[in-house]
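Q: First the structure, which I've put down as structure tokens, then a few questions once you've had a look.
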Amino acid sequence: MSKEPGSSVKKVQQALKSLGFSDEIVVFPDSTRTALEAAQAVGCSVGQIVKSLVFRGAQSHKPALALVSGANRVNETRLGLLLGEEIEKADADFVRQHTGFAVGGVPPVGHAERLATFIDRDLLRYDEIWAATGSPHTVFRLTPGDLQSMTGGEVVTLQ
């Protein structure tokens, strides 16, 4: 695999830099598409991986981003209550349209539009967490405080 970052990764680097954060991206030869794969590549616990999951309001069709600990599943009923409407899982086309990224590499920043963002409270247990950067082979390191600051997300219980 090339060491040169692709356009999606560059978009994330630019977003991080413009927000005042380190734009250092870590490239792995193996996939980091799933939380388990990312944790194995990084050498951390699955809980330290930030899963970026996009949902769609069932009535409004507005996107919502759940930034979830890799060890957790989203309680969709709870997320729907936070959004004020039932939610649906977003398909790959919807995710790309609203974030600008493909499923399996959606980062917490650099999206095509502003998304309602919710951060899994369980991520706050860790000093260091890792998030996707627009590619199934790259991640970046950050703290839970960084995640909240860079996304403006609301810290909630999502399980």
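Bear in mind that the values in this text are calculations on the coordinates, not laboratory data. Just so it is clear, the structure is predicted and the values come from calculations on it, not from any experiment. A quick note on method: Cβ atoms are made from the backbone with ideal geometry, for glycine too, and the neighbour counts reach across all protein chains shown.
Q: For labels at GLN59 and GLU86 in the simple 7 Å Cα→Cβ model, what's the distance in nm?
A: Going from the GLN59 label point to the GLU86 one covers 1.1 nm.
Q: Please give me the summed charge of the neighbours of VAL68: other residues whose Cβ is under 14 Å from its Cβ, Lys and Arg +1, Asp and Glu -1.
A: Cβ neighbours under 14 Å give a net charge of +2.
Q: Give the peptides 117-128, 88-99 in descending order of average Cβ contacts within 10 Å, highest first.
A: In decreasing order of mean packing, 117-128, 88-99 become 117-128, 88-99.
Q: OK, next. Label points 7 Å out from Cα along the Cβ direction at ARG96 and ASP30: separation in nm?
A: With each label placed 7 Å out from Cα toward Cβ, I get 2.8 nm.
Q: If Lys and Arg each add +1 and Asp and Glu each add -1, what is the summed charge of the other residues whose beta carbon sits under 10 Å from the beta carbon of ALA116?
A: +1
Q: Further question on the same structure: When each pair of different Cα atoms in segment 1-67 is counted once in the 1/r mean, what is the Kirkwood radius in angstroms, to one decimal?
A: Every distinct Cα pair counted, the radius reaches 14.1 Å.
Q: Checking the cross-link filter: which lysines have an alpha carbon closer than 18 Å to that of LYS89, excluding same-chain neighbours under 8 positions apart?
A: LYS89 reaches LYS51, LYS62.
Q: Please list, in chain and number order, the residues 5+ apart from ALA116 or on another chain whose amide H is under 5 Å from its amide H, with Hs placed from the backbone.
A: Hits under the 5 Å cutoff: LEU65.
Q: Oh, and also: Please give the per residue volume of the convex hull enclosing the alpha carbon atoms of the chain, rounded to a whole number of Å³.
A: 96
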